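The values are calculated or read from the model by the stated rules, or taken from the named source; none is laboratory data. Predicted model only: the values in this text are computed from it and were never measured. Reconstructed Cβ throughout: ideal geometry from the backbone, glycine too, with neighbour counts over all protein chains shown. For accessibility, only protein heavy atoms count, side chains too; no ligands or nucleic acids. Shrake-Rupley method; radii C 1.70, N 1.55, O 1.52, S 1.80 Å.
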Amino acid sequence: MDEKRGRFEAQVLPHLDAAYRFARWLSRSPGDADDVVQEAILRAFRGFDALRGSDVKAWLLAIVRNCHSTAKKQQQRRAFVPLPEEHDAQDGYAMIATTPDPESVSIIRDQKRTLDRLLSELPEEHREVLVLREIEDMDYREIAAITNVPIGTVMSRLARARAALKARWLKDVEGEAREMR
């Protein structure tokens, strides 16, 4: 292996600057030229035993050209496809999420837990009218029939239930704000 490396360094590496210049002109980018030359040198070392003839420079530059061509084909396969803009009439809908993001889901879940907890702390007569009206979307007459109380009582219980829930919600929010300080 050392003998091969010694011959390779003696015959091929003197042409490294020419290989880089050629790669630089082919790729037009210093970074891409570096990659092409690195790949070319690796290929040249692997195939060094098969080298026939004495024109090492032409052989190395042919490898550089082939490496550049391969790299260019790989870049074309991974071609850049721009994403549509939100206001794009044809494909813009694809950029707008149809599901809530994880943060929103977490916030909504926390708010639901808080609401459930605060509702469960209300007296039963307040909780039942509030649930029937706000969650089940029933009108006063239906609630009165279900709870077997007059409509006026339903309305007053509902008003007290809303006020109590609001007060508890605000107290809970203030408590969270104090904890964050």
Step by step: first the residues of segment 1-46, then only those that are open to solvent by 90 Å² or more (accessible area, probe 1.4 Å) and under 34 Å from the mean Cα position of the chain (by Cα), then the one that is nearest to residue 60 (Cα to Cα). Which residue is that? 38
Residue by residue through segment 47-57, note down the ones that are open to solvent by 60 Å² or more (accessible area, probe 1.4 Å) and either hydrophobic (A, V, I, L, M, F, W, C) or not in a helix (DSSP H, G or I) (or both). 50, 52, 53, 54, 55
Enumeration of residues in segment 100-155 that are surrounded by 15 or more Cβ atoms within 10 Å (Cβ to Cβ) and outside any helix (DSSP H, G or I): 122, 138, 149
